Each structure stands twice: as C-alpha cells, then as structure tokens.
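A.B. asks: To start, I am sharing the structure in question, which I have written as structure tokens.
The values are calculated or read from the model by the stated rules, or taken from the named source; none is laboratory data. Just so it is clear, the model here is predicted, and its values are computed rather than measured. Reconstructed Cβ throughout: ideal geometry from the backbone, glycine too, with neighbour counts over all protein chains shown.
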Amino acid sequence: MGEERVPRRDFIRLGAMMGLGVAGSSILSACGGGGGESAQEGGQKTKKKQQTQASTTTSPSVGKGEPIVEAAFLPPGFAFAFDLAESGDPAILVHLPDESWAAYSAVCTHAGCEAGYQLEAQRIGCPCHGSIFNPAQGGAVVHGPAKNPLKKIEVRTEGANVVLA
C-alpha cells in the first residue's frame, strides 16, 4: 500500500482548526449550566453569561451577505463558530462530509444553552442537559431532552467564501 501525504498547508490548517475546537470546547465547558438548577434557571443563567461574554469571544460577528469563512479553510467534517451580527446569537457553520454546507443557531431548543460542535461524533451537542443534534439531517434531534431541531441558518458559497445568505 502506498502512503498518502497531506500537504503541509492542509496539515497546518487542520492543526489550527483542532486548536480552535479545543479552545471552543473549553469555553463551552466554562459556560455550561451548574448542577442542581432547574432547566429554566440554568438556561436563563447561561443566556445571561452569553450576553455578558459576547464581547470577549473569538467568534466573528457576521451580517447578512457577509463571508463567514473561506471555504478552503474548513475541511469536510469540521465546523466554524460565528455570531449573527443582527441578533448577537451564536451560530455554527458545518462543512458536511458530503462537501455541502449547513449552518444552525447554536442556541439549544431545550433551554437556550449554547451548543457546540462535537468533532469526533460530527454532531452538535448541548453541554447543559445533553441534547444532541445532527447537522447532516437539518439539525434534527438525535438525543433529547430537546424536542425541536436547531434553527437552520441559510448560507451559500460565493467565490472562495461561505456567505451568510
């Protein structure tokens, strides 16, 4: 069997994305709901944290018609966090394994906590109560307690970029 070599440029991009993923998961862990709280209390506290931390996150704020990320920067199976400029809400852009793109609100439909992309499972998960969503199936609920799918966000490719539609 022959060895397949990864170009240095792609290897560096992959390393950078993995680093961002680790940093993002650390932030999400720090923002998770506390034990012993009701779902509503935990969701409300998380929403307040999100509002106060919005200015300290590293996610870019993207408006309608603006580029979210350069398509070549995000390999299939990876995701990119961004904020919607209009509302300030967190969102996730996913480059699906079939080379298509999907974007969703990162606000869990169960209690409003901020969900994040789980690289190994290629799912979107909520750290507060364990809801899991499938980005390849329209943000459908894979595991509750959430009952509703994530809100879909329209995106399109335009030139070299993925753009908020």
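A.B. asks: Is it fair to say I92 is in contact with a Ser or Thr (Cβ under 9 Å, 6 or more places away or on another chain), over 14 Å from V163 (Cβ atoms) and at pLDDT 95 or above?
C.D. replies: Details: in contact with a Ser or Thr (Cβ under 9 Å, 6 or more places away or on another chain): yes; over 14 Å from V163 (Cβ atoms): yes; at pLDDT 95 or above: yes.
Criteria met by I92.
A.B. asks: Among the numbered criteria (1) surrounded by fewer than 21 Cβ atoms within 10 Å (Cβ to Cβ); (2) of a type in the set (F, W, Y); (3) out of contact with any helix residue (DSSP H, G or I) (no Cβ under 7 Å at 6 or more places or on another chain), which one does F80 miss?
C.D. replies: (1)
A.B. asks: When you check E158 against the structure, is it of a type outside the set (G, A, S) and closer than 18 Å to K64 by Cβ, yes or no? Give the steps one after another, and end with the answer.
C.D. replies: On the way: of a type outside the set (G, A, S): yes; closer than 18 Å to K64 by Cβ: yes.
The answer is yes for E158.
A.B. asks: Hey, does segment 119-129 have a residue that's among the small types (G, A, S) and over 14 Å from the mean Cα position of the chain (by Cα)?
C.D. replies: Filtering segment 119-129 down to residues among the small types (G, A, S) leaves 121, 125.
From what is left, the residues that are over 14 Å from the mean Cα position of the chain (by Cα) are none.
Scanning segment 119-129 turns up no residue that is among the small types (G, A, S) and over 14 Å from the mean Cα position of the chain (by Cα).
A.B. asks: Does segment 94-111 contain any residue that is buried (at least 18 other Cβ atoms within 10 Å of the Cβ) and farther than 16 Å from I153 by Cα? Lay out the reasoning, then the answer.
C.D. replies: At the first step, the residues of segment 94-111 found to be buried (at least 18 other Cβ atoms within 10 Å of the Cβ) are 94-95, 101-111.
Imposing the further condition that a residue be farther than 16 Å from I153 by Cα reduces the set to 110-111.
So far as segment 94-111 goes, yes, one or more of its residues are buried (at least 18 other Cβ atoms within 10 Å of the Cβ) and farther than 16 Å from I153 by Cα.
A.B. asks: Answer yes or no: is there a residue in segment 116-124 that is among the basic types (K, R), buried (at least 16 other Cβ atoms within 10 Å of the Cβ) and over 19 Å from T58 (Cβ atoms).
C.D. replies: Filtering segment 116-124 for residues among the basic types (K, R) gives 123.
Those left that are additionally buried (at least 16 other Cβ atoms within 10 Å of the Cβ): 123.
Add one more test, that the residue is over 19 Å from T58 (Cβ atoms), and what stays is 123.
Scanning segment 116-124 turns up at least one residue that is among the basic types (K, R), buried (at least 16 other Cβ atoms within 10 Å of the Cβ) and over 19 Å from T58 (Cβ atoms).
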